[in-house]
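Working notes, structure below.
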Amino acid sequence: MENKKNSPIGIFDSGIGGLSVLKAVRQLLPDEPIIYVGDQAHVPYGARSMAEIQKFSLGITNFLVEKKARLILVACNTASAASLKFLRSKFPWIPFVGMEPAVKPAVENTISRIVGVLATPATFQGALYASVIERFAKDVTILQDVCPGLVEQIEKGWLNTPETKNILRLALVPMMNKGIDTVVLGCTHYPFVIPLIQKIVGPEVHVIDPAPAVARQVGRLLSDPLQQANCKKSSGLGSTEYFTTASTRDFEALFPVLGISAGPVKKLNWLEARLIE
Ligand code: DGL
């Protein structure tokens, strides 16, 4: 059997959104090597067909498997909605962790029993979201919004511009008028605008970022004896290698804006359905 020591955790998203989850994973697991892929050539995924998102997710997963990833974190609600089940069946030997809107903790937390969920159209259309609502949100009113254009703003690093604020106000003010006390961030790009969201909804409304819980799930799976890499003491020196399918320079420029530790950024090219370094 292959030696798993030093095999990386693979993380991917349509763009830079998954970096909000990478941040939480890195905090929890400072020693683990991580490979991150942002498919910025195709961002946003949210309005694309499930088949297309599945094709991209498969191409990225094949690349991460070639890189010997020993766990893959689909740090994208949209890609999880379209392909998590499919990827698990195609790569049964790899543990996958995916994202789903954190409706369960929201329902546990809400007092007004009115919860807002912000996510992409594909996430709302997927069976994963339908099952989350079915299981956890029976006696709660769920208000949804797809925040058109918000992912694009965040991809540019425009976290606090009038346009970004306007998109969020259009989504959140009607929800507040209906009495929400909890907002679920169902897209991994959105935690980067939490300060703006909190400013709009006020301190009383609870904003749920699922990243810490997802990072804990990654940690749990890696501490499974079968997945354990090595048991040396924490050095805090886990490497992070970033890949983008668009401009490496634009990606690098976002590190300070997003509060992410810088690392080498390499370019990947799509060749039909394959990713080539
Ligand atoms: N970060 C994404 C998500 O969690 C995808 C956004 C998009 O590409 O539309 O859904």
_Checking the conditions here, which among GLY157, GLY116 is under 23 Å from SER20 (Cα atoms) and not in a loop (DSSP other than H, G, I, E, B)?_
GLY116
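For every residue, the table says whether it meets (1) closer than 19 Å to PRO210 by Cβ; (2) more than 16 Å from the ligand (Cβ to nearest atom).
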residue: VAL21; (1), (2): yes, no
residue: ALA24; (1), (2): yes, no
residue: ILE60; (1), (2): no, no
residue: PHE63; (1), (2): no, yes
residue: ILE94; (1), (2): no, yes
*State which residue is surrounded by the most Cβ atoms within 10 Å (Cβ to Cβ) when the search covers only the stretch 240-277 and only residues that are of a type in the set (Phe, Trp, Tyr) and closer than 22 Å to LYS55 by Cβ.*
PHE243
_Would you confirm, using the coordinates I've provided, whether LEU73 is of a type outside the set (Val, Ile, Thr), closer than 25 Å to GLU32 by Cα, surrounded by 24 or more Cβ atoms within 10 Å (Cβ to Cβ) and away from the ligand (no atom under 16 Å from the Cβ)?_
no
*Restricting the first residue to the stretch 91-117 and requiring it to be farther than 12 Å from ILE133 by Cα and touching a residue at least 12 places away in the same chain (Cβ under 8 Å), which pairs with a second residue that is within 16 Å of the ligand (Cβ to nearest atom) and of a type in the set (Gly, Ala, Ser) meet a Cβ separation below 7 Å and a spacing of at least six or different chains?*
GLY98/SER80; MET99/ALA75; MET99/SER80
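Take the conditions within 15 Å of the ligand (Cβ to nearest atom), assigned to a helix (DSSP H, G or I), modelled with pLDDT of 95 or more and touching a Pro at 6+ places or on another chain (Cβ under 7 Å) and apply them to VAL193. Does it pass? First the steps, then the outcome.
Values: within 15 Å of the ligand (Cβ to nearest atom): yes; assigned to a helix (DSSP H, G or I): yes; modelled with pLDDT of 95 or more: yes; touching a Pro at 6+ places or on another chain (Cβ under 7 Å): no.
Criteria not met by VAL193.
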*asked:* Here are the criteria: (1) outside any helix (DSSP H, G or I); (2) away from the ligand (no atom under 11 Å from the Cβ). Tell me which single one PRO148 does not satisfy.
replied: (2)
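Please pick out the residue among ILE9, ILE16 that is more than 16 Å from the ligand (Cβ to nearest atom), closer than 18 Å to ALA79 by Cβ, crowded, with 22+ Cβ neighbours inside 10 Å and not hydroxyl-bearing (Ser, Thr, Tyr). Explain how you work it out, then say what you get.
On the way: ILE16 fails: more than 16 Å from the ligand (Cβ to nearest atom).
ILE9 is the lone residue from the list that is more than 16 Å from the ligand (Cβ to nearest atom), closer than 18 Å to ALA79 by Cβ, crowded, with 22+ Cβ neighbours inside 10 Å and not hydroxyl-bearing (Ser, Thr, Tyr).
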*Identify, by number, the condition in (1) farther than 18 Å from LEU275 by Cα; (2) within 16 Å of the chain's Cα centre (by Cα); (3) of a type in the set (D, E, K, R) that ASP39 doesn't meet.*
(1)
*asked:* Restricting to the stretch 126-140, name every residue that is surrounded by fewer than 21 Cβ atoms within 10 Å (Cβ to Cβ) and either within 16 Å of LYS104 (Cβ to Cβ) or acidic (Asp, Glu) (or both).
replied: LEU128, ALA130, SER131, ILE133, GLU134, ARG135, PHE136, ALA137, LYS138, ASP139, VAL140
*asked:* Being within 26 Å of ALA273 (Cα to Cα), small (Gly, Ala, Ser) and touching a Leu at 6+ places or on another chain (Cβ under 9 Å): is that true of GLY15 here?
replied: no
*asked:* If ALA47 satisfies all but one of (1) part of a helix (DSSP H, G or I); (2) within 16 Å of the ligand (Cβ to nearest atom); (3) among the small types (Gly, Ala, Ser), what's the number of the condition it fails?
replied: (1)
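For the stretch 68-105, which positions are of a type in the set (A, V, I, L, M, F, W, C) and over 17 Å from the mean Cα position of the chain (by Cα)? Give the derivation first.
So the first thing to find is which residues in the stretch 68-105 are of a type in the set (A, V, I, L, M, F, W, C), and the list is 69, 71-76, 79, 81-82, 84, 86-87, 91, 93-94, 96-97, 99, 102-103.
The answer is ALA69, PHE86, PHE91, TRP93, ILE94.
The values are calculated or read from the model by the stated rules, or taken from the named source; none is laboratory data. All figures in this text were calculated on a predicted structure; none of them were measured in a lab. Counting neighbours? That spans all protein chains shown, and the Cβs are built from the backbone with ideal geometry, glycine included.
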